[in-house]
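Each remark here refers to the structure printed beneath this line.
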Amino acid sequence: MATERTFSIIKPDATRRNLTGKVTAKLEEAGLRVVASRRIRMTREQAEGFYGVHRERPFFNDLVAFMTSGPVVVQVLEGEDAVARNREVMGATNPAQADEGTIRKEFAESIEANSVHGSDSPENAKIEIDFFFKPEEIVG
Ligand code: RTP
Ligand code: MG
């Protein structure tokens, strides 16, 4: 299995509760390495662009409001099978359905305030990494 990169966001519910380190530790324990990281306050334009695929979904406006409600930490993670590994350690979107030991089971507040984002395919990982990072900001 080749080394792969994925894109992660530590969401406002997690930064608000000072969980950046604890979430990152779970990622690292899962074999992922943080090769780029930046704490930002997402603009409305950034959130709408990033979540463009969800524009027609009923939760879109709430999601944009939530993602701009506080700081987030955008990260590039590297490791073997990084996209799938990250999805596994994140757990199900709805924390009520998330497996024991996952980030969302341990930390998420609700289906919306679910502490982390992770790319759902290698193709989307590349698009999402390019949305937030320049190549020279990623140090593998
Ligand atoms: P993500 O994209 O953040 O990694 O999460 P995901 O794939 O597990 O979930 P997705 O279906 O892509 O939804 C994106 C984010 O929208 C919020 N959401 N709210 N209120 C709702 O019913 C609802 N459903 C989804 C969550 O923050 C979810 O992570
Ligand atoms: Mg998704």
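The values are calculated or read from the model by the stated rules, or taken from the named source; none is laboratory data. Every value quoted in this text rests on a predicted model; they were computed, and no experiment measured them. Methodologically, a virtual Cβ is constructed for each residue, glycine included, from the backbone with ideal geometry; neighbour enumeration extends over all protein chains shown. Remember, those area values only see protein heavy atoms, side chains included, never the ligands or the DNA or RNA. Shrake-Rupley method; radii C 1.70, N 1.55, O 1.52, S 1.80 Å.
Results for (1) assigned to a strand (DSSP E or B); (2) within 16 Å of ligand 2 (Cβ to nearest atom); (3) modelled with pLDDT of 95 or more, shown as yes or no for each residue.
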{"position": "V64", "(1), (2), (3)": "no, yes, yes"}
{"position": "G79", "(1), (2), (3)": "yes, no, yes"}
{"position": "A84", "(1), (2), (3)": "no, yes, yes"}
{"position": "E88", "(1), (2), (3)": "no, yes, yes"}
{"position": "A96", "(1), (2), (3)": "no, no, yes"}
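The number of residues in the range 50-61 being away from ligand 2 (no atom under 15 Å from the Cβ) and in contact (Cβ under 8 Å) with a residue 12 or more places away in the chain comes to 0.
Cβ-Cβ contacts under 8 Å between residues 6 or more apart (or on different chains), taken from a first residue in the range 33-45 that is open to solvent by less than 100 Å² (accessible area, probe 1.4 Å) to a second residue that is modelled with pLDDT under 95, are listed as V35/G140. Going by the structure shown, is L19 open to solvent by less than 30 Å² (accessible area, probe 1.4 Å) and either more than 12 Å from the chain's Cα centre (by Cα) or within 16 Å of ligand 2 (Cβ to nearest atom) (or both)? Taking the combined requirement at face value, the residue satisfies it.
Can you pull out the residues in the range 130-140 that are open to solvent by 60 Å² or more (accessible area, probe 1.4 Å) and aliphatic (A, V, I, L, M)? It would help to see each step written out before you state the result.
Step one: of the range 130-140, the residues open to solvent by 60 Å² or more (accessible area, probe 1.4 Å) are 130-131, 134-137, 139-140.
Listed by number, the list holds a single entry, V139.
Considering only residues in the range 109-140 that are small (G, A, S) and within 21 Å of G31 (Cα to Cα), the one that is modelled with the lowest pLDDT turns out to be G140. Only residues that are among the β-branched types (V, I, T), more than 13 Å from V72 (Cα to Cα) and in a strand (DSSP E or B): list them for the range 1-60, please. Scanning the range 1-60 gives T3, T6, V34, V35. Among the candidates V53, V64, the residue that is out of contact with any Leu (no Cβ under 9 Å at 6 or more places or on another chain) and surrounded by 18 or more Cβ atoms within 10 Å (Cβ to Cβ) is uniquely V64. Among the residues making up the range 93-107, a single one is open to solvent by 20 Å² or more (accessible area, probe 1.4 Å) and under 13 Å from the mean Cα position of the chain (by Cα): T93.
Residues to consider are I127, I111; find the one that is assigned to a helix (DSSP H, G or I), within 13 Å of ligand 2 (Cβ to nearest atom), open to solvent by 60 Å² or more (accessible area, probe 1.4 Å) and among the aliphatic types (A, V, I, L, M).
The conditions single out I127.
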